[in-house]
1. Checking the a/c ratio against 1.5 first, then a/b against b/c, what shape does the Cα gyration tensor give for the range 65-159?
2. Summing -39500 (n - 2.57) over the DSSP H runs of n ≥ 4 in the chain and dividing by its residue number, what mean residue ellipticity at 222 nm do you reach, to the nearest 500 deg cm²/dmol?
3. Most exposed first by the Cβ proxy, i.e. fewest other Cβ within 10 Å, how do Met214, Met186 rank?
4. When the Debye formula is applied to the Cα atoms of the range 269-371, each taken as the same point scatterer, what base-10 log of I(q)/I(0) results at q = 0.14, 0.23 Å⁻¹?
5. What ranking of Phe172, Phe384 emerges when the number of other C-beta atoms within 10 Å of each C-beta is taken as an exposure proxy, fewest first?
6. For the range 319-380, what is the convex hull volume of its Cα atoms per residue in Å³?
7. About the Cα centre of the range 46-133, how large is the charge dipole given +1 on each Lys and Arg Cβ and -1 on each Asp and Glu Cβ? Please answer in debye to the nearest 20.
8. Between their Cα atoms, which of Lys208/Lys228; Lys52/Lys174; Lys222/Lys354; Lys208/Lys298; Lys108/Lys228; Lys208/Lys281 are more than 20 Å away from each other?
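Since every read-out is calculated from the coordinates, none of them should be taken as a lab result. Treat the numbers as computed from the prediction; the structure is a model and nothing was measured. Using ideal geometry, Cβ is built from the backbone for each residue, glycine included, and neighbour counts are taken over all protein chains shown.
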Amino acid sequence: MEKHKFEGLYLFLISILPISIVAGPSISLLNILFIITLFLINYKLSEIQIEKKFLLYLLSILYVYLIFNSFISIDYKEGIYRNLGFLRFIILFIAINLFFTISNNQFKFLNFWSSIILIVVFDSFVEFSLGKNLLGYGDGLYADRIVSFFKDEPIVGAYLLGFNFIIVGYFFEKFYKQNLKLKLAMFLILFILVGCILITGERSNGIKAIIGLMIFLFLNNKISAKIKISIFLFSLFFISLIISNSNYLKVRYGQQLFYQLFDSNQRDQFIENNLYLKLYKSGLAVFKDYPIFGVGNKNYRVITTRNIETKINDDYLLNTHPHQIYIELLSEHGLVGTIIVLSIFFYLIFKNLKIIILSRNSIQLGCFTYLIINFLPILPSGSFFNDFSSTLFWINLSIMYACNKKTNIFNK
């Protein structure tokens, strides 16, 4: 096969990443493995050398640590496959960087991504309005929370958040210097994307979307201070309008969250009964019992299951994970592992902050924004190392490096 044919297949496989995630973990994994296979072939043909090898050394250290973590886990069989499989994300990172280096149509896939995300947004609004999505999903399994094409999982908000700021950054690159109508259309899409995450009922992701919007606007050098303030104020109005016109959202964000937090009579009861706070307490209890290396990746569920019979600790609460990124890391990786993991990821994320701001690359800034809001404290979160969360995280990390020649690992 000729090199340009590989490039077309490369483009196709990256283009369908959002669809493969919707289709399920197995399809997503298969797609990533195809991308990795194609990368290995292209890398051999291209004769391009990786210039920023220190980043790969860091990722190698992270991978070696995860393998080590498996063998000191209380049940190594539980996390070994997840830890071994983590290698695919490191290679995906390199593969996407290579694609941006060898391709003449690096950003063409974002047209397709934008279409897919807008279809999911439309489908979510249909379900929000009619109770069923375009395929008939939404049977009330999770009360009024939106499931969209995910059928039996309320994760569409997390999914949209994973692509939201990449798409927003792409629209800024494409339309910000265009005429007023296109610019207004771009801002309208921005509000609709954030609004759609809010209506899913995933409160944590809704709050992350709002905070992410503020970070993106604040760091975006393409926007004047006056426009930033205007967008922020309109965002508050738009968000208030969405919530106030839905009884479900008023209960979800108002009565079940802000009212209980700011009303002194309700606050103590909220703190005592809130499931997430109980999980936080449980995760910290696990960390207290296993402070050095934790119980092992994916082993929080193991120790809390054992606790049902052995009564190791009355504070342990059975669940898959503690639902907060820092507490999850502390409970499953201990102090040593948490320092290793956070040090490496914070270095990778913040290393090029000056370049990101000065380059005025809105796509890169969008990816940076998503990565930052993943590490917000206190707010609940999905399991950091599970397939769904990891795929979204590494797509953003990979594109953040790949889309700028100053940060792409194949460029000096």
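1. In terms of gyration-tensor shape, oblate.
2. Rounded to the nearest 500, it is -23000 deg cm²/dmol.
3. Working: Met214 14, Met186 17.
Lowest to highest Cβ neighbour count: Met214, Met186.
4. With one equal scatterer per Cα and no solvent, log10 I(q)/I(0) is -0.63, -1.07.
5. Final ranking by Cβ density, sparse to dense: Phe384, Phe172.
6. On the way: hull volume 5.2 nm³, N = 62.
Convex hull volume per residue, Cα atoms: 84 Å³.
7. Values: 7 positive and 6 negative charges, 20 e Å.
That gives the range 46-133 a dipole magnitude of about 100 debye.
8. Going by Cα-Cα distance, Lys52/Lys174; Lys208/Lys298; Lys108/Lys228; Lys208/Lys281 fall outside the 20 Å limit.
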